[in-house]
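This report concerns only the one structure given below.
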Amino acid sequence: MEPPIIEDCRVNEAVDPDSPIGKTARDWVLAVAGEDFPPERSRLLGAWLDADPLHRRAYEQAESVILMLGGLRASPIAGSIGRPAVRPIARWRIPAMAAGGLLAACLAIVVVTLPAPAYETRAGETRLIALSDGSQVTLAPASSLRAASRWRPRALSLERGEAFFVVAHQSGQPFTVQAGDATVRVIGTRFNVHHGAHRGVRVEVEQGAVQVLDGDQDRAVTLRAGQTAVADARGLTVGALARSDQAGEWRQGRLAYDDAPLAEVVADLNRYSQRPLTIDSAATGRLKVTAALDIAQADRFVAELPRVLPVRLAPDGRGGRVLVAVDPKRPPERHAP
C-alpha cells in the first residue's frame, strides 16, 4: 500500500525576501534577467526549485516583484535542459539596457531597499493607521511600530510606546504584535499594547480574545475582554480591568497606574509633554506609583509628586528640563494623587 500523499501547506506561504531562501531566489531571478544562462545553470536552477516548494514560491514572488518594479516583459528561457521544462522561469530582453550585469545590480538595489512599512509619532502626536488587511492602529505619542516585512503586513513590532489595535478577522491568518520579549497573537479583536520602560509589556483587551506569549515562548495566557496581562522579567501576570472599555484609556486622555514604577510613569509622561522629565537614579525609578490622571493636567501631577513621594523637582541645567531627584529627608510613600 502506498503511503498517503500529504500536501505541503507551505506552498502558499509568503516568503520573507530577507530570509536565506528569499535572498537565494532573488539572486536566481536577477541571474536569469541579466546574464547568459547555459544549460548547466538551468539544471542547477531546476534542482533548486524542485528541492522545496518554498523555493519555487520564493522565486515566483521575487520574479513578480521585479516585473512589477521594472515593467519588464517576460519570455521563456531559450534552450533545452534535458528534462521537463522548469516552470515558471522567465528570460527578460531589455533593449534599453544592454549590460546585463548593470541591470542586475540596479534591480538588486531596488529590491533590497524596499523597506518594511514603519510608523512613528512625535511627542504629543497621535496617529491613526489603516493597514492593508483592513485592521486599524491608533499609535500613541512618541511611539514606533514596524511591520515584519511588506510580505507579512499582519506581523508587527511595537518597538517603543503604546498602540491600540482593531484587528480585522482573516480566517487562518493570525495577527501578531511583538513588544520586547512578549508576543501577542490574535485573530480579530480590540486590544492595547504598552511597551514601557525596562522592557515591560502590558496588554489590555477591550473586545475578543488574545494570546500573550512570554519571551521564551514556553508559556502563554489567553486574555478575554476586560483582562490585562503584564510581561516582564518575572514572567506573565494576569489581572482585570474595572471595565473592558478602560483598555487603552490614553485615547480618551487618561493615564492610570497601579503600583507602577516611577520610571514607567515618567516615560509615559514624556511621550505627551514638551518638557521631558529625567530621573537621577535607578532607585528613584523603582519608587511605586498608584494614580489616575488627565493627560492635560500632567504638569500639575508632576508638580504634586514631591508632596507624596521622596523626590524633589529641579532644573537639569540643559534647557530647563525638569529633573526628578531623591530627597532622602522624606519618608517614602507609595501613592500619588
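The values are calculated or read from the model by the stated rules, or taken from the named source; none is laboratory data. This one's a predicted model, so the numbers in the text were calculated from it and none came from an experiment. Counting neighbours? That spans all protein chains shown, and the Cβs are built from the backbone with ideal geometry, glycine included. All accessible areas refer to the heavy atoms of the entire protein, side chains included, with ligands and DNA or RNA removed. Shrake-Rupley method; radii C 1.70, N 1.55, O 1.52, S 1.80 Å.
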Requiring at least 1 residues that are small (Gly, Ala, Ser) and at pLDDT 90 or above, the strands (runs of 3 or more DSSP E) wholly within segment 195-253 are 209-213, 227-232, 235-240
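Between 78, 104, 62, 148, which is modelled with pLDDT under 50, of a type outside the set (Phe, Trp, Tyr) and not in a loop (DSSP other than H, G, I, E, B)? Break it down stepwise before answering.
Numbers: 78 fails: not in a loop (DSSP other than H, G, I, E, B); 62 fails: modelled with pLDDT under 50; 148 fails: modelled with pLDDT under 50.
So the residue among 78, 104, 62, 148 that is modelled with pLDDT under 50, of a type outside the set (Phe, Trp, Tyr) and not in a loop (DSSP other than H, G, I, E, B) is 104.
Let's see how each residue does on (1) more than 30 Å from residue 282 (Cα to Cα); (2) without any contact (Cβ under 8 Å) to a residue 12 or more places away in the chain; (3) aliphatic (A, V, I, L, M); (4) open to solvent by 50 Å² or more (accessible area, probe 1.4 Å):
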| residue | (1), (2), (3), (4) |
| --- | --- |
| 170 | yes, no, no, yes |
| 174 | yes, no, no, yes |
| 203 | no, no, yes, no |
| 225 | yes, no, yes, yes |
| 253 | no, no, no, no |
| 270 | no, no, no, no |
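If you scan segment 181-194, which residues turn out to be in a loop (DSSP other than H, G, I, E, B) and open to solvent by 20 Å² or more (accessible area, probe 1.4 Å)? Spell out the reasoning first.
We begin by selecting, within segment 181-194, every residue in a loop (DSSP other than H, G, I, E, B); these are 181, 187-189.
Passing the criteria: 181, 187, 188.
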Can you say whether residue 315 is at pLDDT 65 or above, farther than 12 Å from residue 269 by Cβ and surrounded by 15 or more Cβ atoms within 10 Å (Cβ to Cβ), as far as the supplied structure shows?
no
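I'm trying to understand the selection: among the residues of segment 151-180, which are in a loop (DSSP other than H, G, I, E, B) and within 12 Å of the chain's Cα centre (by Cα)?
Kept after step one, since they are in a loop (DSSP other than H, G, I, E, B), are these residues of segment 151-180: 151, 167-174, 180.
Across segment 151-180, the qualifying residue is only 180.
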